[in-house]
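Enquirer: Take a look at the following structure, please.
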Amino acid sequence: MTGGDMTGADDRAVERAARSTLHWTLRYTSGLDPVVAADRQEEILSDLHEQTAWATEAGIGERATARSIRARMLRGIPADLGWRRAQLSGREGIRLSLPRVDGLLLAAVAAIGVVQVAVGAFIAARQVRALLIGDISWVPIAAALTIALGAVALVATALLWHRRMRPWGAALLAVTGLLIFAQSVEALYYLSATALLVINGVPWLEPAAYAIGTGVAILCIAASAQWANPARRFPAAPGASALTGEESR
Amino acid sequence: MLLPIELAILDAGLTIQPREGSFFGFALARTLAERDGSALVSHGTLYRALNRMDAAGLLESEWEAPELAEADGRPRRRLYRVTGAGEAAFRAAARTERRGTVTGEALA
């Protein structure tokens, strides 16, 4: 690794970043065909050297170089893992097609939307029942919020059917999904005697509801990003093989 | 079908190749970043795409002679060239893109 005038901590920052990248390369190439693994390792080693040499020549600070090396490694992890899978299976390019992935994503997000609407409707029904039988004479904030979130989720789910509005629908479902599960647990605390017992006996229920909500939100945000910026493909010449794989940097 | 990264690699490769004869991974990464003012492409995406394009015959590659690298005091470079099939694929894709017949909307 050339370091030019690198000294001290800065020098070590580039070295550490390069070493991390090489460690990661050794890790994801382990167990592969030795020739394939060695080729990838040597190519990454060359890349790290070239980047460091170029950065030194261009007067780019060592810390910035180290950050760039780490960022390139981190951003490439999904592709590295996909490449490894393809090497192990020998099936690079025979994976789910983008339209199929898109369809599965739409089904998942729509299901999330339906569940959120159902949660909102359920809490609304419990609230009305509690008011009618006199169990409660007011509307807890958590119940009002859950019902409102359910209503927003209904609109968001409807937006999923319009191609152009789909990213917005998924983004809305991310927000409602983040909150609705935990809020519904809190609402049930006031609206259901059984739920009250369960909630008191299971202290991790609310954190679990937030964890589920976070997972749902992440999926919806990913879907929103995918639909807002769909990957483009260009037809190749007839002689070229049909290629599939990752679609972004 | 070519992915945008593959199209970009062919484009950059065809720019570097007449001047240098061939190109290597980091030179491509630098050219791509300079072209669109973005960050350097990740290792995983770049080398996976190069690997796939090599296997598909759009590129050909060979390791440079160790003596050359040793003389320069650096690791060996894997040198790539755009093949005839790669160039044809690039021209066809570029024509289609200009006509605007293929867009992401088609997949949505």
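Enquirer: Here is a check on your reading of the model: is residue A:150 out of contact with any helix residue (DSSP H, G or I) (no Cβ under 6 Å at 6 or more places or on another chain) and modelled with pLDDT of 90 or more?
Expert: Against the criterion (out of contact with any helix residue (DSSP H, G or I) (no Cβ under 6 Å at 6 or more places or on another chain) and modelled with pLDDT of 90 or more), residue A:150 does not qualify.
Enquirer: Scan the range B:37-59 residue by residue and report those that are among the aliphatic types (A, V, I, L, M) and at the interface with chain A (Cβ under 9 Å from one of its Cβ atoms).
Expert: Result: B:39, B:40, B:41, B:46, B:49, B:50, B:53, B:55, B:56, B:58.
Enquirer: Answer yes or no: is there a residue in the range A:230-245 that is at pLDDT 90 or above and either touching a Gly at 6+ places or on another chain (Cβ under 8 Å) or crowded, with 19+ Cβ neighbours inside 10 Å (or both).
Expert: No, because not a single residue in the range A:230-245 is at pLDDT 90 or above and either touching a Gly at 6+ places or on another chain (Cβ under 8 Å) or crowded, with 19+ Cβ neighbours inside 10 Å (or both).
Enquirer: Just wondering, is there one or more residues in the range B:21-28 that are without any contact (Cβ under 8 Å) to a residue 60 or more places away in the chain, touching a Phe, Trp or Tyr at 6+ places or on another chain (Cβ under 8 Å) and away from chain A (no Cβ under 11 Å)?
Expert: yes
Enquirer: Identify all residues within the range B:36-54 that are among the aliphatic types (A, V, I, L, M), closer than 16 Å to residue A:71 by Cβ and either touching a residue at least 60 places away in the same chain (Cβ under 8 Å) or touching a helix residue (DSSP H, G or I) at 6+ places or on another chain (Cβ under 6 Å) (or both); write none if there are none.
Expert: B:40, B:41, B:46
Table: residues versus (1) modelled with pLDDT under 95; (2) surrounded by fewer than 21 Cβ atoms within 10 Å (Cβ to Cβ); (3) more than 33 Å from the chain's Cα centre (by Cα).
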residue: A:7; (1), (2), (3): yes, yes, yes
residue: A:23; (1), (2), (3): no, yes, no
residue: A:44; (1), (2), (3): no, no, no
residue: A:48; (1), (2), (3): no, no, no
residue: A:58; (1), (2), (3): yes, yes, yes
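Enquirer: While we're looking at this one, here's another question. Can you tell which of A:208, A:195, A:143, A:158 is in the same structural domain as residue A:112 (by TED's automatic domain parsing) and touching a residue at least 24 places away in the same chain (Cβ under 8 Å)?
Expert: Answer to the selection: A:143.
Enquirer: Is one or more of the residues making up the range B:60-72 under 14 Å from residue B:5 (Cα atoms) and more than 8 Å from chain A (Cβ to nearest Cβ)?
Expert: No; the residues of the range B:60-72 include none that is under 14 Å from residue B:5 (Cα atoms) and more than 8 Å from chain A (Cβ to nearest Cβ).
Enquirer: Suppose we keep only residues that are at the interface with chain B (Cβ under 10 Å from one of its Cβ atoms) and either within 23 Å of residue A:176 (Cβ to Cβ) or outside any helix (DSSP H, G or I) (or both) within the range A:96-105. Which one would you say is modelled with the lowest pLDDT?
Expert: A:97
Enquirer: Something else about it: Can you find a residue that is free of Cβ contacts under 8 Å to residues at least 24 places away in the same chain and away from every other protein chain (no Cβ under 14 Å) anywhere in the range A:174-192?
Expert: no
Enquirer: For the range A:203-212, does any single residue satisfy the condition of being hydroxyl-bearing (Ser, Thr, Tyr), part of a helix (DSSP H, G or I), away from every other protein chain (no Cβ under 14 Å) and farther than 30 Å from residue B:83 by Cβ?
Expert: Scanning the range A:203-212 turns up at least one residue that is hydroxyl-bearing (Ser, Thr, Tyr), part of a helix (DSSP H, G or I), away from every other protein chain (no Cβ under 14 Å) and farther than 30 Å from residue B:83 by Cβ.
Enquirer: Here is a follow-up. If the requirement is being under 13 Å from residue A:114 (Cα atoms) and either charged (D, E, K, R) or surrounded by fewer than 22 Cβ atoms within 10 Å (Cβ to Cβ) (or both), which of these qualifies: A:175, A:128, A:155, A:139?
Expert: Selected residue: A:155, the only one of A:175, A:128, A:155, A:139 that is under 13 Å from residue A:114 (Cα atoms) and either charged (D, E, K, R) or surrounded by fewer than 22 Cβ atoms within 10 Å (Cβ to Cβ) (or both).
The values are calculated or read from the model by the stated rules, or taken from the named source; none is laboratory data. What you see is a predicted model, and the numbers here were worked out from it, not measured in a lab. Neighbour counts are summed over all protein chains in view; Cβ atoms, including those assigned to glycine, are modelled from backbone coordinates with ideal geometry.
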